[in-house]
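Please read the structure below before turning to the comments.
The values are calculated or read from the model by the stated rules, or taken from the named source; none is laboratory data. Just so it is clear, the model here is predicted, and its values are computed rather than measured. All Cβ positions, even for glycine, are placed from backbone atoms using ideal geometry, and neighbour counts span all protein chains on display.
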Amino acid sequence: MIRSAILAAAASAVLASAALAADLPTTKGPPVYTPPPPPVFSWTGVYLGGQVGYEWGTTDGSYTQVVPPIVGAVAVPGGTFFRSFGHNASGVVGGGHVGYNYQFNQFVVGLEGDVNGSSYQGSSLIAPAFVLLSRERTPVDASIRGRVGVAFDRVLVYATGGGAFGGFETSLFDTTTGFGETHHPGRLGWTVGGGVEYAIDNNWSVRAEYRYTNYGGFDVSYTTLTTTPITVHYNATDNRVQVGFSYKFGEPPPPPPPVVAKY
């Protein structure tokens, strides 16, 4: 009986100690919230933007006129008049662009199109039988290009190239009479270049770019300046440096941090 009493007393003591420990204040604080790592930036998405820059180039040309001989009281020998010429051109260029990028690992591929207006123009004097002034402008141009680049997080170094279109305005003026003739030929060519783009945040980015464009050779026939047509052959190329900005769509805002209850 004494042994049973001792065991009962010991059990009571253990239960009392456990109850006392449960009532003691805890020194353990609330759970510490560790925010998830920020999402990795991606260049993938549709974007649009604008650009402005400076354009310069050269146009090499040649003048050809076939004059038949005149038979009469005053005979004038006929022949073919040919003369080469060239001029430099320059101007401000600016417009808009739209495109799509897809990033896999560190590489970025995409497709971009742009349309520009410019003050690009140049002129030169031609002096065959009379003095002619040749003037060439490119008020509108456009391109569709592929882009291939390497991304270093928010910095993208890329090359670009594809097809180009130039809406030219060519004019020939007789400086002795002031009379002129103007045509508006359109030309397809090719363009190639490269640049660097930096993403300011998940949507906005800025860029700097250089491009070379070659429109090849084309002929323009002027029929109203003289009794026989004048054919001018143009071979146009240009360079441009430009800066721009883009806005990329579809990037969701980061989720808000969860609310942690304190007890």
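What number of residues in the stretch 132-146 are under 16 Å from the mean Cα position of the chain (by Cα) and among the β-branched types (V, I, T)?
Final tally of qualifying residues: 2.
Determine the pairs where a residue that is closer than 12 Å to G99 by Cα, located within the stretch 42-57, has a partner that is among the charged types (D, E, K, R) with Cβ atoms under 8 Å apart, the partner being 6 or more residues away or on another chain.
Hits for this filter: W43/K248; G45/K248; G45/E251; V46/K248; Y47/K248.
So that you can scan it fast, the table gives a plain yes or no per residue for (1) among the basic types (K, R); (2) modelled with pLDDT of 85 or more:
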residue	(1), (2)
S171	no, yes
R187	yes, yes
G195	no, yes
W204	no, yes
S221	no, yes
N239	no, yes
P252	no, no
P255	no, no
P258	no, no
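Select from the stretch 164-191 the residues that are assigned to a strand (DSSP E or B) and among the aromatic types (F, W, Y) and write down the one among them that is surrounded by the most Cβ atoms within 10 Å (Cβ to Cβ).
F168
Take residues that are of a type in the set (S, T, N, Q) and at pLDDT 95 or above and tell me which of the strands (runs of 3 or more DSSP E) falling wholly in the stretch 80-159 contain 1 or more. So that I can check it myself, show each step before the final result.
Working: elements: 107-118, 121-126, 132-152.
In the stretch 80-159, the matching strands (runs of 3 or more DSSP E) lie at 107-118, 132-152.
If I filter the stretch 25-58 down to residues being at pLDDT 95 or above and in a loop (DSSP other than H, G, I, E, B), which single residue comes out as surrounded by the most Cβ atoms within 10 Å (Cβ to Cβ)?
Going through the qualifying residues, I end up with W43.
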